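Rule-based calculations on the coordinates, nothing more; no lab input. In this text, all values refer to a predicted model and were calculated from it rather than measured experimentally. Virtual Cβ from ideal backbone geometry, glycine too; neighbours counted across all protein chains shown.
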Amino acid sequence: MKRQAIKEMQRIVIKVGTNTIMKTVSDVDFRKIDRLAFVLSAIRQEGREVILVSSGAVGVGASTLGIDEYPKAIEDQQALAAVGQSVLMGHYGRFFNHYNQQVAQILLTRDVVDFPTSKHNVQRSLESLLARGIIPIINENDVVAVDELNHQTKFGDNDTLSSIVAGLCEADLLVLMSDVEGLYTENPQDNPEAELISEVKAIDESIHEMASGKGSEFSTGGMATKIKAAERMLNNDSAMLITSGDDPTCLFQILEGDQIGTLFMKG
Ligand SMILES: Nc1ncnc2c1ncn2[C@@H]1O[C@H](COP(=O)(O)OP(=O)(O)O)[C@@H](O)[C@H]1O
Ligand SMILES: N[C@@H](CCC(=O)OP(=O)(O)O)C(=O)O
């Protein structure tokens, strides 16, 4: 029944993790980016509003520069993000263009959405892009974001960022595409017997405790930040779904109400 409600959802935020758009630490997965551009363009052209939050600046930067270890120094991480973000947008631009779909880049820092005037400006520019049928592609502005004592500019991870973006634009649904099928009773990398959970109505301590670890050194949050993102969505009376980014065209079935991934939805 709940899955059927997804059919009516109009404004969708899709977040893809680093592991979804990278085949290995050194290889960008062009087939995946192509499929993603195809499915998001089709959904947009069928009448829904689509916002993409994409990770990958640091990972793509590392791959561009032939670096296979996550750098320790913040300025080195930021240098990789500076290289990778523009390369990544170049890839998205080419693939979306193939499907006749315009995209736009938005890079955000935490202070921008904390401060009411700049938050309002971001909301207005997002609305203007959506009204023109453009797909905004959003990432944290990793090149400038650092945590200072009295000035927080970092979101920290894109699960958090995407749930904040979904709140900003009052999205109906946030879809997190990851390297797992959804939330399991335990990290399936640690326990292959762990079971996929299809639906979560409320988040309590037992749900938080299911999360441990992350997929690769270039990804940031792991399952813990996805559950916090779900909490934020439920508090806003919106829904969130975690699914595998292996085949992004699964989004067609998800939006038809098929039982795929883990749906977080009240009631
Ligand atoms: N209970 C759980 N269910 C599923 N995955 C989990 C769980 N606990 C931890 N994980 C880890 O979370 C990872 C997905 O998060 P992450 O590595 O941040 O991916 P992404 O780059 O897609 O954001 C999985 O690869 C898995 O190792
Ligand atoms: N802003 C960073 C992404 C950080 C992040 O949250 O990564 P992931 O866990 O793969 O979604 C980047 O673009 O590399």
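What the table shows:
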{"read-out": "Among 42-54, 170-182, the order from most to least packed when residues are scored by Cβ within 10 Å on average", "value": "170-182, 42-54"}
{"read-out": "For the stretch 203-267, diffusion coefficient by Stokes-Einstein and Kirkwood Rh (Cα), 10 °C, 1.306 mPa s, µm²/s", "value": "121 µm²/s"}
{"read-out": "Tally of Lys pairs whose C-alpha atoms are under 12 Å apart, taken over the chain, 8 or more apart or cross-chain", "value": "6"}
{"read-out": "Whole-Hz ³J(HN,Hα) from phi, Karplus 6.51 cos²θ - 1.76 cosθ + 1.60, for the stretch 243-258, glycine and proline x", "value": "9, 7, x, 4, 10, x, 5, 4, 4, 4, 5, 4, 6, 8, x, 5"}
{"read-out": "Interchain or long-range residues, amide H under 5 Å from LEU108's placed H", "value": "ASN139, GLU140, ASN141"}
{"read-out": "By average C-beta atoms within 10 angstrom, highest first, the peptides 240-249, 128-137", "value": "240-249, 128-137"}
{"read-out": "Estimated 222 nm signal from helices in the chain, with DSSP H stretches of n ≥ 4 weighted -39500 (n - 2.57), rounded to 500", "value": "-13000 deg cm²/dmol"}
{"read-out": "Under Karplus coefficients 6.51, -1.76 and 1.60, residue-wise ³J(HN,Hα) of the stretch 117-132 in Hz, glycine/proline x", "value": "5, 5, 4, 4, 5, 4, 4, 5, 6, 4, 4, 5, 5, 5, 5, 8"}
{"read-out": "Alpha-carbon spread of the chain, three principal axes, descending order, Å", "value": "47, 44, 41"}
{"read-out": "Fraction of beta bridges assigned by DSSP in the stretch 2-264 that are antiparallel (%, nearest 5)", "value": "20 percent"}
